[in-house]
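Report on one structure; see the data block that follows.
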Amino acid sequence: MNELGNATFENYVGLEQGFSEMAYQLTSHVLTLGYACMLAGLLYFVLTIKNVAPKYRMSSILSVVVMVSAFLLLYVQTENWTDAFAFDKEKGRYFLAEGSDLFNNGYRYLNWLIDVPMLLFQILFVVSLTRSNFSSVRNQFWFSGVMMIVTGYIGQYYEVTNLTAFAIWGAISTVFFIHILILMRRVIKEGKEGIPDKAQKLLGSIWVLFLVSWMLYPGAYLMPHLLGINGGLFNEVGVVAREITYTIADISSKVIYGVLLGLVAQSLSKAEGYTIEQQEL
Ligand code: RET
């Protein structure tokens with residue numbers, strides 16, 4: 001099994017069993033859906049920026065930064081998929097292509113390196129912290145966000161060849177993830193104080209969305225082994241499931257999260273006397 005070096009499991013499936021037409025195309029389509037959504041989101045965040053008072057507009061700007069970087073990196077991730085495997089007419093399946101790069105989800109991880117700090121900062125421009133210190137929370141978000149991703153990025157290279165290293169790097173990454181969850185819970189709790197009911201409810205939904213969508217990423221990291229080591233999902237089903245999981249997670253944690261934060265900002269703007277008509281067009 002060593003001829004592929006530290007390649008991830010998609011490549012082993014592509015080398016040994018190959019992908020059926022449906023598994024290959026579904027993956028390619030889901031990856032494309034991912035970057036198409038980022039472009040649509042980009043337009044949405046640009047076009048709705050004036051719906052909120054100027055002090056909340058940094059939130060929309062950060063969503064725009066997230067959309068642009070995700071669009072580009074998910075586009076390259078899709079190209080990586082279509083380049084890595086080629087159709088074999090004799091066998092009627094897709095196998096690892098000769099002379100091409102192998103497939104790796106690394107583009108995603110590097111996209112998170114930009115997007116995770118941005119998504120975490122974004123909420124700080126909408127809510128007001130009552131007890132915690134803004135720059136301390138921002139720096140902790142930044143540090144733990146980056147550490148979580150870098151350690152996970154290293155770990156993913158070992159998902160086939162060294163399960164101990166895979167588990168250790170994954171566990172270190174999880175420590176930083178838990179720190180982020182604790183901080184975010186505090187930010188949302190403090191943010192709810194003294195704001196209109198509608199905005200409080202929206203912040204409650206953002207917490208649930210955050211929790212569920214961010215948990216999908218470690219789920220995708222574990223995907224090939226979720227039903228047992230080198231067992232149940234170490235096949236094309238696992239490959240497709242991983243890309244679907246990532247795409248649902250990306251659309252929820254970046255686009256839907258940004259839309260909901262925009263609605264909170266809109267509700268706060270309204271409560272502060274800002275109306276959209278007031279703006280100069
Ligand atoms: C890794 C490695 C395994 C352990 C854990 C992970 C967590 C990843 C997360 C990523 C979130 C990404 C987002 C991207 C949006 O653009 C790195 C998979 C805990 C939570 C929100």
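Observations on the model:
- Listed by position, the helices (runs of 4 or more DSSP H) enclosed by region 1-85 that each have at least 3 residues that are buried (at least 17 other Cβ atoms within 10 Å of the Cβ) and among the polar types (S, T, N, Q) are 57-84.
- Within region 145-170, considering residues that are more than 7 Å from the ligand (Cβ to nearest atom), among the small types (Gly, Ala, Ser) and out of contact with any Pro (no Cβ under 9 Å at 6 or more places or on another chain), the one farthest from residue 118 (Cα to Cα): 165
- Hey, residue 180 buried (at least 17 other Cβ atoms within 10 Å of the Cβ) and out of contact with any strand residue (DSSP E or B) (no Cβ under 8 Å at 6 or more places or on another chain) or not: yes
- Among all residues of region 198-211, there is none that is in a loop (DSSP other than H, G, I, E, B) and either within 30 Å of residue 13 (Cβ to Cβ) or free of Cβ contacts under 8 Å to residues at least 40 places away in the same chain (or both).
- Here region 239-264 is the region considered, the condition is being surrounded by fewer than 20 Cβ atoms within 10 Å (Cβ to Cβ) and not aliphatic (A, V, I, L, M), and the residue that is farthest from the chain's Cα centre (by Cα) is 245.
- Restricting attention to region 215-229 and to residues that are assigned to a loop (DSSP other than H, G, I, E, B) and without any contact (Cβ under 8 Å) to a residue 40 or more places away in the chain, the residue that is farthest from the chain's Cα centre (by Cα) turns out to be 228.
- Of the residues making up region 239-250, none is away from the ligand (no atom under 11 Å from the Cβ) and among the aromatic types (Phe, Trp, Tyr).
- Check on residue 14, under 30 Å from residue 161 (Cα atoms) and small (Gly, Ala, Ser): yes
- Filtered residue count, region 93-132, keeping only those that are assigned to a loop (DSSP other than H, G, I, E, B), touching a residue at least 40 places away in the same chain (Cβ under 8 Å) and away from the ligand (no atom under 16 Å from the Cβ): 10
- All positions within region 195-214 that are exposed (fewer than 14 other Cβ atoms within 10 Å of the Cβ) and either aliphatic (A, V, I, L, M) or within 14 Å of the ligand (Cβ to nearest atom) (or both): 208, 211, 212
- Residue under evaluation residue 217, criteria (1) loosely packed, with under 15 Cβ neighbours inside 10 Å; (2) hydroxyl-bearing (Ser, Thr, Tyr); (3) within 24 Å of residue 41 (Cβ to Cβ), criterion not met: (1)
- Residues that are more than 10 Å from the ligand (Cβ to nearest atom) and more than 13 Å from residue 123 (Cβ to Cβ) within region 174-194 comprise 179, 182, 193, 194, listed in sequence order.
- Flag not set for residue 63, criterion: farther than 21 Å from residue 247 by Cα, in contact (Cβ under 8 Å) with a residue 24 or more places away in the chain and within 16 Å of the ligand (Cβ to nearest atom).
Bear in mind these aren't lab numbers, they're just calculated from the coordinates by the rules spelled out. Just so it is clear, the model here is predicted, and its values are computed rather than measured. No Cβ is skipped: glycine too gets one built from the backbone with ideal geometry, and neighbour counts run over all protein chains shown.
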